[in-house]
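First the structure, in the form of structure tokens, and then the observations on it.
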Amino acid sequence: LTNIRITYYKYVKFSTHFQLLVKTPGGKVVYIYVKKRGTFPKCGDCKSKLFGIKPSRPRERTSMSKRLKTVNRPYGGLMFILVIDRIIRAFMMEEQKVLKQLIKEQKRREKKATAEHKK
């Protein structure tokens, strides 16, 4: 492979780490251009890998089917389940605050009713 003259046939006319020398079945030595490896999509909140989704380049994702790009849960291809748990927990805390207010009002009404009943 050292004494063979090879020409670049694509857009890059100089040596890069994306080019590999390969001998074809016909005996010719040519460059093949290696594409970048795809990466896992990352969680929008904690920036860690989203598992269950195929690693790919952004351009490849446009032609992939939906089942390869998402997971079957709310915020499936965007965030971890932990984020959803946090959203649910915040909602439950708000519900608890409202419930406390209702209980306070109920006690106040009961006190008022007992005070009127004693008179």
Which of 70, 39, 24 fluctuates most in a GNM of the chain (C-alpha springs under 10 Å)? That residue is 24
Cα-based Rg (one decimal) and Dmax (whole number) for the chain, in Å?
31.7, 114
In degrees rounded to 10, the 0-90 angle between helix 81-118 Cα long axis and the longest Cα principal axis of the chain is 10 degrees
Nearest 500 deg cm²/dmol is fine: what mean residue ellipticity at 222 nm does the chain get from its DSSP H runs of n ≥ 4 alone, each adding -39,500 (n - 2.57), divided by its residue count?
-13500 deg cm²/dmol
Arranged by the count of other C-beta atoms within 10 angstrom, fewest first, what order do 85, 45 take?
85, 45
Filter the chymotrypsin sites (Phe, Trp or Tyr not before Pro) in the stretch 1-72 down to the DSSP loop ones having no more than 10 other Cβ atoms within 10 Å, then list what survives.
9, 11, 14, 51
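Every read-out reported here was derived from the displayed coordinates using simple, explicitly stated rules and does not represent laboratory data. Owing to the predicted nature of the structure, the values given are computational and were not obtained by experimental measurement. Cβ atoms come from the backbone with ideal geometry, glycine included; neighbour counts cover every protein chain shown.
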